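Trainee: Mind having a look at this structure? Questions to follow.
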Amino acid sequence: MDKVRVCLIGAGRVAKVHGSNVKTYIPSSEVVAVVDKDEGVARKLAEELGIAHVFEDHQKALCWGRFDAVVVTTPTFTHHQIVVDAARAGKHMFCEKPIALTLQEADSMIEECNKNGVKLQIGFMRRFDPEFTLAKKKVEEKIIGELLLIKSTGRGPGLPPEWAWDIEKSGGMLAEVASHDFDALMWFAQSRLETVEAIAANYRCPELKTKYPHFYDTAVVVGTFYKGKMGIIDMSCPVNYGYDARMELLGSEGVMAVGDTRKNSLSYCTREKGIIHPQYLSWQQRFKEAYIGELQHFIQAVISNTPPFVSGEDGRRCLAAIISSNYSIQIGKRVRVVY
Ligand SMILES: NC(=O)c1ccc[n+]([C@@H]2O[C@H](COP(=O)([O-])OP(=O)(O)OC[C@H]3O[C@@H](n4cnc5c(N)ncnc54)[C@H](O)[C@@H]3O)[C@@H](O)[C@H]2O)c1
């Protein structure tokens, strides 16, 4: 296969990023169809990106079938059904994080992909970010010795779409916003989280309490790994000041910081405003290269028939830690992660 034909399923926020990245940066791939249950939304994206075919239902797209792979960018509660159906139709799969809502769903998605011989890559784009990648390499070279403590901060400027405010549909903000932090922690630690203790609160959006009583916008997770390290995640959204993804890694011989709120080295200064560094305003901006990199990797995995570097199992272990963290919030105690 020298050109991978892609069907985008979902035409919302993240679909725009992936669709335009394929068109602009990945000549070995082409988006040939887009699906959205809101056909107007699908049509609009198709016009913007020059996509020839529009469907309002993924089953209709699969029946038509003239593509090799799907990029699943629908809300989390729909991932399971779409991935299972597409795997049975023999399509390779790039699925946005979090993989699904339950471990049973994740298991059946992984099983169907394996059974039908199709790839499954999960959208943990931080693993393709040049800074995170370099940090990982330096950690492996033991530049700071043995890792002891890993901290990850994930904060978003605005609220996600309304479906995500419902914990039953999104897995809560730990799944919607902090999935990337859970993945980064376990990727750097080269170990799964063994225990987690989480606290959460709704500080910023009291108006959502009536309709979504379990909604939280700020959370802290303190975890231990099987390989004897500690991890901390702090997440919050909407923080208004910009998009903020940073890590700090403490090792036996030193410390490492990854990421910055500053967009670049530009700064300016006036008497009235003081020193100003422009900041990252969105995840689309902060991880621009990483979003391109993860899809280039997926397309290459399909072309060369090699396993994607971020697997369904990676998505599943993250989901397990998120589900256990949500349970810890609920019962107010430290829990062992159930894998
Ligand atoms: N990797 C990242 O950084 C990142 C960033 C944002 C969102 N996400 C993930 O991507 C997924 C989508 O998030 P979003 O913010 O783009 O959501 P969104 O609400 O902006 O877009 C989702 C689209 O899917 C459509 N849709 C809903 N159900 C459908 C179905 N059954 N079939 C076809 N279309 C359907 C909706 O009409 C909507 O247009 C979520 O799982 C989210 O967690 C990942």
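Trainee: Ignoring ligands, DNA and RNA, please state the percent of accessible area on the stretch 199-293 from carbon and sulfur, probe 1.4 Å. Show your work: numbers first, answer last.
Mentor: Values: 3060 of 5500 Å².
Accessible surface attributable to carbon and sulfur in the stretch 199-293 totals 56 percent.
Trainee: Now a separate question. Grab every C-alpha pair in the stretch 220-339, bin the distances at 5 angstrom width from 0 up to the longest one, and report whole percents.
Mentor: 2, 8, 11, 14, 16, 17, 15, 8, 5, 3, 1, 0
Trainee: Given the Cα-Cα distance of residue 24 and residue 333 and 0.36 nm per residue of separation, how much length would full extension add, in nm? Walk me through the numbers on the way to the answer.
Mentor: Numbers: separation 309, 0.36 × 309 = 111.24 nm, distance 4.79 nm.
This chain segment gains 106.4 nm when fully extended.
Trainee: State in Å² the accessible area per residue of the stretch 209-258; use a 1.4 Å probe, count heavy atoms of protein chains only, and round to the nearest integer. Don't skip to the answer; put the middle values down first.
Mentor: Numbers: 2370 Å² over 50 residues.
Dividing the accessible area of the stretch 209-258 by its residue count gives 47 Å².
Trainee: Using R₀ = 25 Å, calculate the FRET efficiency as 1/(1 + (r/R₀)^6) where r is the Cβ-Cβ separation of residue 195 and residue 250; round to 0.05. Don't skip to the end; give the middle numbers.
Mentor: Details: r = 19 Å, r/R0 = 0.76.
According to the calculation, E is roughly 0.85.
Trainee: Right, here's the next one. What number comes out for accessible area per residue over the stretch 266-308 if the probe is 1.4 Å? Units Å², please.
Mentor: On the way: 2600 Å² over 43 residues.
Counting only protein heavy atoms, the per-residue value for the stretch 266-308 is 60 Å².
Trainee: Less than 17 Å apart at the alpha-carbon level, and either on another chain or at least 8 residues along: which aspartates and glutamates does that give for residue 288?
Mentor: Leaving aside aspartates and glutamates fewer than 8 places away in the same chain, those within reach of residue 288 are 96, 129, 131, 244, 260.
Trainee: Quick check: the distance between the Cα centres of the stretch 242-310 and the stretch 5-51, to the nearest angstrom?
Mentor: Going from one Cα centre to the other spans 24 Å.
Trainee: How many nm is it between the label spots at residue 289 and residue 210, if each spot is 7 Å from the Cα in line with the beta carbon?
Mentor: 4.8 nm
Trainee: If you build the Cα gyration tensor of the chain and take the root of 5 times each eigenvalue, what three semi-axes come out, in whole angstrom, biggest first? Please list the in-between numbers first.
Mentor: Details: eigenvalues 193, 109, 97 Å².
Rounded to whole Å, the semi-axes are 31, 23, 22.
Trainee: For residue 55, enumerate residues with amide H under 5 Å from its amide H, sequence gap 5+ or separate chain, H modeled in the peptide plane.
Mentor: 34, 35, 36
Trainee: For the pairs 119/263; 97/142; 44/263; 119/211, flag any whose C-alpha to C-alpha distance is greater than 32 Å.
Mentor: On the way: 119/263 34 Å; 97/142 30 Å; 44/263 30 Å; 119/211 38 Å.
Where the Cα-Cα span goes over 32 Å, the pairs concerned are 119/263; 119/211.
Trainee: A follow-up question, please. If I stretch the segment between residue 146 and residue 275 completely, what's the gain in nm (0.36 nm per residue apart, minus their alpha carbon distance), one decimal? Working shown, then result.
Mentor: Numbers: separation 129, 0.36 × 129 = 46.44 nm, distance 3.73 nm.
That works out to 42.7 nm of additional length.
Trainee: Heavy-atom accessible area per residue, the stretch 1-135, 1.4 Å probe: how many Å²? The partial results should precede the final answer.
Mentor: Values: 5480 Å² over 135 residues.
Computed with neighbouring chains in place, this is 41 Å² per residue.
Trainee: Let me ask something additional. When the chain is modelled as a GNM with alpha-carbon springs shorter than 10 Å, which of 172, 65, 293 fluctuates the most?
Mentor: 65
Trainee: Explain nothing, just compute: Karplus ³J(HN,Hα) = 6.51 cos²θ - 1.76 cosθ + 1.60, θ = phi - 60°, for every residue of the stretch 32-41 in order, whole Hz, x for Gly and Pro.
Mentor: Coupling constants for the stretch 32-41: 9, 8, 9, 10, 8, 5, 9, 4, x, 5 Hz.
Trainee: List the trypsin sites (Lys or Arg not before Pro) in the stretch 232-285 that DSSP assigns to loop (not H, G, I, E or B) and whose Cβ has at most 12 other Cβ atoms within 10 Å. Which are they?
Mentor: Working: sites: 246, 262, 263, 271, 273; in loops: 263, 271, 273.
The qualifying sites are 271, 273.
Trainee: Turning to a different aspect of this structure: In square nanometres, what is one fourth of the surface area of the convex hull spanned by the alpha carbons of the stretch 23-156?
Mentor: Working: hull surface 43.7 nm².
Projected over every direction and averaged, the Cα hull of the stretch 23-156 covers 10.9 nm².
Trainee: Once Rh for the stretch 139-228 is found with the Kirkwood sum over Cα pairs, what is the Stokes-Einstein diffusion coefficient at 4 °C and 1.567 mPa s, in µm²/s?
Mentor: On the way: Rh = 14.6 Å.
Answer, rounded: 88 µm²/s.
Trainee: Considering only Cα-Cα distances, which of the following residue pairs are longer than 22 Å: 60/91; 23/138; 37/169? Each step should come with its number before you reach the end.
Mentor: Values: 60/91 14 Å; 23/138 33 Å; 37/169 16 Å.
With Cα atoms farther than 22 Å apart: 23/138.
Trainee: While we're looking at this one, here's another question. Taking the full set of protein chains and a 1.4 angstrom probe, give the accessible area of residue 252 in square angstrom, rounded to the nearest 10.
Mentor: 60 Å²
Trainee: Then there is this: How many percent of the accessible area of the stretch 2-136 is carbon or sulfur, using a 1.4 Å probe?
Mentor: On the way: 2710 of 5380 Å².
Roughly 50 percent, rounded to a whole number.
The values are calculated or read from the model by the stated rules, or taken from the named source; none is laboratory data. Not measured: the values here are computed from a predicted model. Heads up, the Cβs are rebuilt from the backbone with ideal geometry, glycines too, and the neighbour counts pull from every protein chain shown. Remember, those area values only see protein heavy atoms, side chains included, never the ligands or the DNA or RNA. Shrake-Rupley method; radii C 1.70, N 1.55, O 1.52, S 1.80 Å.
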